[in-house]
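This is the structure, below, for whatever I ask next.
The values are calculated or read from the model by the stated rules, or taken from the named source; none is laboratory data. Everything numeric here is computed off the predicted structure, so don't read it as measured data. Cβ atoms come from the backbone with ideal geometry, glycine included; neighbour counts cover every protein chain shown.
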C-alpha cells in the first residue's frame, strides 16, 4: 500500500515529461512537383540544405514527378538551397560476368549539375506558407 503513491507519482512524472510537443521545432511539411524537360521526373531525391544558422536539413523521395516531406521530417522557416538528384539505374551485369571483369558504364544522370552538386537554386519557407514548391528542370536549349 505504501508503494502506490510512489508508483502514481512516477507514472505521472513520466507522462508529463514524455508529453512534449510533437513538433518542437515547428517544422513544416513541404511538397511539390518536379519535371524534367516538361515531363515528370520518374525517380530521384530532393534535398533541402539550410542557408542559415540553426536550420535543419531535410529531403525526400521523388516518385513520378511528386515529392512530399511530412512535417516531422520537414523544415523550419528560412532559406534553403535545393538539390535534385535523379535515380540512375545500374546497368545489368553481362551474362557470364566474373569478379574483376570490367563493368559497363552507368548511364549519366539526366538532371544537370546546376540542379544538384553545383545547385544555387533556393526556396524560402515562411511561417504561414505556402509549403508547395514546384521545380521545372530544363536541359534542352529552346
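Please determine whether any residue of segment 89-102 is part of a loop (DSSP other than H, G, I, E, B), out of contact with any strand residue (DSSP E or B) (no Cβ under 8 Å at 6 or more places or on another chain) and within 23 Å of residue 30 (Cβ to Cβ).
Checking segment 89-102: not a single residue is part of a loop (DSSP other than H, G, I, E, B), out of contact with any strand residue (DSSP E or B) (no Cβ under 8 Å at 6 or more places or on another chain) and within 23 Å of residue 30 (Cβ to Cβ).
For residue 119, all conditions in the list (1) closer than 16 Å to residue 33 by Cα; (2) in contact with a strand residue (DSSP E or B) (Cβ under 6 Å, 6 or more places away or on another chain); (3) at pLDDT below 95 hold save one; what is the number of the exception?
Only one criterion in (1) closer than 16 Å to residue 33 by Cα; (2) in contact with a strand residue (DSSP E or B) (Cβ under 6 Å, 6 or more places away or on another chain); (3) at pLDDT below 95 is unmet by residue 119, namely (1).
Would you pick out the residues in segment 103-116 that are without any contact (Cβ under 8 Å) to a residue 40 or more places away in the chain, touching a strand residue (DSSP E or B) at 6+ places or on another chain (Cβ under 9 Å) and assigned to a loop (DSSP other than H, G, I, E, B)?
109, 112, 116
Among the numbered conditions (1) closer than 30 Å to residue 24 by Cα; (2) in contact with a strand residue (DSSP E or B) (Cβ under 9 Å, 6 or more places away or on another chain), tell me where residue 139 comes up short.
(1)
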